[in-house]
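Laboratory data are not the source of any read-out in this text; all were calculated from the coordinates shown. Everything quoted here is computed from the prediction, not taken from an experiment. Glycine gets a Cβ as well: all are built from the backbone with ideal geometry, and neighbour counts include every protein chain shown.
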Amino acid sequence: MDDRTVNVVGAGLAGLAAAIELSRKGVKCNLISFQPSERAQSVLAEGGINAALDTMGEGDTTEEHFKDTMKGGCYLETESAVRNLTDNAPDIVKELYRLGVPFCSENGRIILRNFGGQAKKRTAYAKSSTGKMIMTALIDETRKYEAAGLVTRYQHHELVAMDVKNRQLVSISVKDRFSDDTFTFTGSTILCTGGLNGFFEGMTTGTAANTGNAAAIAFDSGVEFANLEMIQYHPTTVAICNKRMLISEAARGEGGRLYIIRNGKPWYFMEEKYPELGNLMPRDVVSREMYLVSRRDDCEGEVFLDMTGLDDNIWKNKLSDLRSEIISYLHKDPAKEPVAVSPGIHFFMGGIKVTDEHETNIRGLYAAGEAACKYHGANRLGGNSMLGALFGGKTAAASAAVSAGQCIVKKTETPVGTVSSPEIRHILRDVLLEGLGIVRNTKSMNDSLQKINTLCDKTEKNSIDSKRIKFAAAMLNSALARTQSLGAHFLMNDG
Amino acid sequence: MRYRIEIFRKDRDNEKGYCQSFWYETESEAETVASALTALNEQSALSDTDGNTARKIEWDCSCLQKKCGACAMVINGVPRLACQAKLSEFPKGLIKLAPLSKFPVVCDLVVDRSIMFENLKTMKLWLTEDAVQTDKSQQLSFESSECIQCGCCLEICPNFYSGGKFYGMSAVPVTMRLLSESDKKASKEIIKQYAKHTFAGCGKSLACRNVCPKKIDTENLLVNANAIAIWKRF
């Protein structure tokens, strides 16, 4: 063992994958997270993880996984990155199985299910709790390296500042939210801080613990971001208290159908309009169609997800957890009646711009998972998120290990403010939602940008609020710069 | 309906705790303790039922869907998740909140549950060889992996205390997952640790069964873990 150390910020799937990879390379890791891994957003991931394992006799190949991912993402991502991802997917899923993830299987053969944007069965799953099952296995695996002294957890610590000089990361500042002490950590750092949910408080399927501050801090420190306009609205979500509840794509993968009442009768619009994949078209297409049909004069009411045709075996063996969740929150049994659904913010394809090796534009800084803009282009396929996080975390760790040196941790006396004002948070959220909906137009994006710019005068320079405002403006500027519709960025200008 | 939310609070720099109550009004059936705490904290000037200015209420939350365990606290005497506790369950309108008492309080409802994770490390709970998966192991592994390490089971347990040799129910699902997926040789150390830190201290009150937010059948996990580790039945 040597003294090489890498700081990993975030302990969800990408962070754990990075920590494990570093440990296996004999490199130490400071695993820094706001809450323990058990509380990370990754535990919410439901439907599964994609890999062309070809266990279902359909002749699936990694080449087809590659093609589907490129097509689903509207060819915005580079081919080399996606090829790395899809080529490595089977080994990643097999390793998870060896780590004990209880993927649905028969005599060692992993069973795969259908997921959106893919004609062949390619998604390995553990009922509708795949993220939780994978996280549990990785948490146990990481514990082994904690005990060996390779991984040191800082699990009530928040990133509050970054020191970047001449495009080189000098240090990160981290606040212990239990003691209120702040520390600086020098050395190479991987940001696995998740998506941008915190900018859309209460309106996403993600964790309420994500503030979006890490992204705002990184951006303010000169870290380059990309494709911030690419926000995935998942077609089947339901509003519950202070958030959107996801109804996994697995529900449609197993036979669930979307309809709306048109002229008094159910209209299965996805099946009629897109016979090639029907209800399992990529999420951007399904959400957009839901938005459009619900505004037609001949349609009435909400869009419904009809799962009443699913047989008992599917409910029992594949979706029992999803069924209990729906009953618990919506007081409706989806096996007996359709559920009203609407699109909700679920994933951010955009994020920190990274190379295929997961390097950022700042030397010594890497990013992975939803924090990074990688693999998913203009629209992520269901089942590729956990894959991207695991492969990204592993790749970033391999890159960071090469440049890793000593890490010095020092207590600092400079207090750093991290609490944003609820008033400004809510204004930002509402304004961003107006500009960056499922269907967008230049005028509303410009209006939103103007409103955000007027907020600048209301905040102190260098405060977390001012950094958040700057970042929100960047999201809108990114959207305005893309003048053609592509994937999740769908424009419908008046006139 | 108007609710009186009484919180047992503790400042960061003061050892002594105190009670402070807040009014919260809502007609929504969906509202939970978690959403009430969020709404109270979003008020520009929070004041208590006596009209005194109060600082923000500190509490932990993350998923808001019973999937992460962050918001565990004692609600009207019962350990449970704030995101699970609907306000409409309390028709009398009085809701008493307190931090989990088995862990050091950081501030208000935030507690330091690090000991739970340290205990799992002490028990060396990880796989030493590739998992062996069978139909039975998959079932046990799935159920075990649903544990969110919230600490509700430890709060209700008459035998657990922080720093003691008995690590409580929260160590059992982790143990069970690993036992269900390990062969005899690989299970040796896990069995040794289980006997020492779980079986020996468990008084079989099974109080944990009634409070698990995930409704994990703790008795079933214990029976299976004991069968493998203690009674050598498999």
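Measure out, as a whole number of angstrom, how far apart the alpha-carbon centroids of region B:1-44 and region A:360-407 sit.
After rounding, the separation between the Cα centres reads 39 Å.
Multiply the residue separation of B:T128 and B:D183 by 0.36 nm, subtract the distance between their alpha-carbon atoms, and state the gained length in nm to one decimal. Spell out each step's value before the answer.
Working: separation 55, 0.36 × 55 = 19.80 nm, distance 1.01 nm.
Fully extending the segment from B:T128 to B:D183 adds 18.8 nm.
Taking H placed 1.01 Å from N in the peptide plane, check which residues at least 5 places from B:F103 or on another chain put their amide H under 5 Å from its amide H.
none
What FRET efficiency comes out for B:S47 versus A:K336 if R0 is 56 angstrom and r is the Cβ-Cβ distance? Round to the nearest 0.05.
On the way: r = 46 Å, r/R0 = 0.83.
The calculated FRET efficiency here is 0.75.
Determine, at each q value in 0.12, 0.18, 0.27 (inverse angstroms), the log₁₀ of I(q)/I(0) that the Debye formula gives when each Cα of region A:419-495 is one equal point scatterer.
These q points yield log10 I(q)/I(0) values of -0.33, -0.68, -1.24.
With +1 on the Cβ of every Lys and Arg and -1 on the Cβ of every Asp and Glu, and nothing else charged, how large is the dipole of region A:1-134 about its Cα centre, in debye rounded to the nearest 20?
Charge dipole, region A:1-134, about its Cα centre: 340 debye, nearest 20.
Under the Karplus relation 6.51 cos²θ - 1.76 cosθ + 1.60, θ = phi - 60°, what is the ordered set of whole-Hz ³J(HN,Hα) values for region A:304-320, x standing for Gly and Pro?
10, 9, 9, 10, 6, x, 6, 7, 4, 4, 5, 4, 6, 9, 10, 9, 4
Which FRET efficiency value, to the nearest 0.05, is calculated for A:D311 and A:A119 with the Förster distance at 25 angstrom and r the Cβ-Cβ distance?
Calculated value: 0.65.
Per residue, how big is the convex hull of chain A when only Cα atoms are used? Give it in Å³.
Roughly 143 Å³ of hull volume per residue.
Looking at chain B, identify the longest residue range that excludes and avoids all GluC sites (Glu not before Pro) in DSSP loops having at most 15 other Cβ atoms within 10 Å.
B:130-234
Using a Förster distance of 35 Å, how high is the FRET efficiency between A:S328 and A:K71, based on the Cβ-Cβ distance and rounded to 0.05?
0.45
Straight-line reach from B:K66: which aspartates and glutamates fall under 13 Å, measuring Cα to Cα and dropping same-chain residues less than 8 apart?
Partners found: A:E38, A:D321, A:E325, B:E146.
Scan region A:250-279 for chymotrypsin sites (Phe, Trp or Tyr not before Pro) in coil per DSSP, keeping those whose Cβ has at most 16 other Cβ atoms within 10 Å, and list them by number.
Details: sites: A:Y259, A:W267, A:Y268, A:F269; in loops: A:Y268.
Loop-located and lightly packed - A:Y268.
Return the long-range amide H neighbours of A:I240 (sequence gap of 5 or more, or a different chain), with a cut-off of under 5 Å between placed amide H atoms.
A:M245
Where the centre of each part is set by its Cα atoms, how far does region A:137-174 sit from region A:232-251, in angstrom?
Going from one Cα centre to the other spans 31 Å.
In nm, to one decimal, how far is the B:L94 label point from the A:T61 one, both placed 7 Å along Cα→Cβ?
Going by the 7 Å Cα→Cβ label model, 7.2 nm.
From a point 7 Å beyond the Cα of B:K232 in the direction of its Cβ, which residues of region B:169-183 have a backbone N at a distance under 20 Å?
B:179-183, by backbone N distance to the label point.
Only sites in a loop by DSSP and with at most 13 other Cβ atoms within 10 Å count here; which trypsin sites (Lys or Arg not before Pro) in region B:39-144 make the cut?
Here the sparse-neighbourhood loop sites are B:R55, B:K92.
Which loop-located GluC sites (Glu not before Pro) does region A:340-439 contain, where loop means any DSSP state but H, G, I, E or B and the Cβ has at most 11 other Cβ atoms within 10 Å? Numbers along the way, then the final one.
Details: sites: A:E357, A:E359, A:E370, A:E413, A:E423, A:E434; in loops: A:E357, A:E413.
Answer in residue order: A:E413.
Can you find, among B:F90, A:L432, A:G344, the residue sitting farthest towards the positive end of the charge dipole of the protein assembly as shown, where Lys and Arg contribute +1 and Asp and Glu -1 at Cβ?
B:F90
Determine the gain in length on full extension of the stretch B:K56-B:A39; use 0.36 nm per residue of separation and subtract their C-alpha separation, reporting nm with one decimal.
5.0 nm
Rounded to whole Å, give me the distance from the Cα center of region B:152-179 to that of region B:87-121.
The two parts, judged by their Cα centres, are 16 Å apart.
Convert each backbone phi in region A:283-300 into a coupling constant with the Karplus relation 6.51 cos²θ - 1.76 cosθ + 1.60 (shift: θ = phi - 60°), then list the ³J(HN,Hα) values in order as whole Hz, x for Gly and Pro.
These are the phi-based 3J(HN,Hα) values: 4, 4, 5, 5, 4, 5, 4, 4, 4, 6, 5, 6, 9, 7, 5, 8, 10, 9 Hz.
Pairs A:K175/A:K353; A:K411/B:K121; A:K443/A:K467; A:K120/A:K318: which exceed 20 Å Cα-Cα? Walk me through the numbers on the way to the answer.
Numbers: A:K175/A:K353 25 Å; A:K411/B:K121 27 Å; A:K443/A:K467 25 Å; A:K120/A:K318 18 Å.
The answer is A:K175/A:K353; A:K411/B:K121; A:K443/A:K467.
Dipole magnitude of chain A about its Cα centre, charges +1 at Lys/Arg Cβ and -1 at Asp/Glu Cβ only, in debye to the nearest 20?
480 debye
Once the dipole of region A:234-344 is set up with Lys and Arg at +1 and Asp and Glu at -1 on Cβ about the Cα centre, which of A:I326, A:A250, A:N313 lies farthest towards its positive end?
A:I326
For peptide B:118-128, how many partner chain Cβ atoms fall within 10 Å of a residue's Cβ, on average? Provide the component values of the computation, followed by the final result.
Values: counts 2, 0, 5, 5, 1, 2, 3, 5, 11, 7, 1.
Partner-chain Cβ atoms within 10 Å, mean over residues of B:118-128: 4.
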